[in-house]
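Structure record follows, encoded as structure tokens.
The values are calculated or read from the model by the stated rules, or taken from the named source; none is laboratory data. These numbers were taken from a predicted model, which means no experiment stands behind them. Note: ideal-geometry Cβ built from the backbone for every residue, glycine included; neighbour counts use all protein chains shown. Each accessible area value is taken on the protein alone, full model and side chains, heavy atoms only, with ligands, DNA and RNA left out. Shrake-Rupley method; radii C 1.70, N 1.55, O 1.52, S 1.80 Å.
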Amino acid sequence: MGKSKAHRIKSISGPKGSLGDQINEGRVSKKAKQPKVRMRAEEQEFVDSKISKKILREARKQQAELNLFGESFGPSLTDSMAVKKRHRLDDRGSSDESDSEGGDAADIDGDDLFDDMKITEEDERALAMFQNKDGTRTRTLADLIMDKITEKQTEIQTQFSDNGSLKMEEIDPRVREMYEGVRDVLKRYRSGKIPKAFKIIPKLRNWEQFLYLTEPHNWSAAAMFQATRAFSSGLTQYMAQRFYNLVLLPRVRDDLAEYNRLNFYLYRALKKALFKPAAFMKGIVLPLLEAGDCTLREAIIFGSIISTTRIPVLHTSACLLKICEMEYSGACSVFIRIILDKRYALPYRVVDATVFHFLKFENDKRELPTLWHKALLTFAQRYKNDISTEQREALLLLLKKKSHPKITPEIRRELMAGHCRDVETGQSLAHENDIEFQEDNDYTPMDDDAEAHGSRSTTRKSKELQDQEMESDEEDADEDSDDEEEDDL
């Protein structure tokens, strides 16, 4: 039998008095005391502004009394306030220089990118002689949109190279109003998130029409950088090429023409555009040179991006080939020299095109700029072993007609020190012929295999007989020595 539950229940002792008696006696629960936490001076995160002013004031007084350095301890309060105000004004003035990724940075003026590309007044006059003023004008997206609108109104169905893939469609008024709001945001954009309506533009079929509604020529520099990031990764190669050519290139050139320096975020946008190198070469570099009015500052700034970025060899080779075949301008020499300084293993076709580029100036009566001679020196230094003997002789003959007092001797020395590719090929072929001739002499016909096998077998038998005779002679010598020992005993 189990135990009864009555034994398990403990007696509950009731209160000794009523509730009023307990209150009168003072038996009331009290809140536990919380320990006070006191921060030490060295544990505080920062010092109050009033305390810091007092500390600086006392420090200046002590420094004035000691007079150790002969001047006050740090800047005065008025100087520090003036510096703060100046920084605030600078920040307000440069509204396009802030971004959540990069922080503030100086603009790029092109003067400090290449130290050896300083030109004189004579070089400027020589470069002006090679400017192509009748080149193709750089077109913008607004020009293409207006052409397409005119074409639609007049119902002329003509296809242009730039307008062929541009699709004009009717846009809903609510959508138009939304993208007009996006336009207002991009005008004053500095940092933060981009509107989602703008991010989906690369996925639209008529993306150029929606892009035109946002007025790209009025974007801030930071907005242009964000747009380049979105379009370089979201568009195909051909579409990215159109964006670079119609939006990014005109904006960069306008900024350089107006301020004589390039905004830092536009420079970053150009670097980000190299995410698609083929589109960068076809949409920025080649149209810039084909325009014929590319300045030296523009060439140096665009070239610095190529020199500091890794680009696939095929894209670089194709770009160099096109530059060598187009009409010459001073900017062409800058790009040729920068690409050659990358020391890529260029195909022989590109090397030959570079040689012909220099040789076509043999009968030119104009005075060539120093940039042309420096480009030829760079080619001789990097690819003197990749040219043929005829090309070297033609270049040496060119140096007699087009010379520079300081650069031409260096070019001639580099060309004479190189080994031409056809000479190396001839030596290698001769070496291969010698090897084949030796192999032919060592070769034995099939008919003589049996005789060769028989001669090998006879030589083996003769060796075995000689070994047996040697062993028998050794045994006879041992027996003779044993007999002599027995006779002595």
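Observations on the model:
- Just one residue in the set K360, K365 is under 23 Å from A291 (Cα atoms) and basic (K, R); that residue is K360.
- Qualifying positions in the stretch 186-214 - open to solvent by 50 Å² or more (accessible area, probe 1.4 Å) and closer than 14 Å to L246 by Cβ: Y212
- Filtered by the rule that a residue be under 21 Å from R261 (Cα atoms), in a loop (DSSP other than H, G, I, E, B) and of a type in the set (D, E, K, R), the stretch 182-226 gives R188, R190.
Residue-by-condition table, conditions (1) open to solvent by less than 40 Å² (accessible area, probe 1.4 Å); (2) among the β-branched types (V, I, T); (3) at negative phi:
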position: P216; (1), (2), (3): yes, no, yes
position: G234; (1), (2), (3): no, no, yes
position: A240; (1), (2), (3): yes, no, yes
position: V252; (1), (2), (3): yes, yes, yes
position: Y267; (1), (2), (3): yes, no, yes
position: E290; (1), (2), (3): no, no, yes
position: D293; (1), (2), (3): no, no, yes
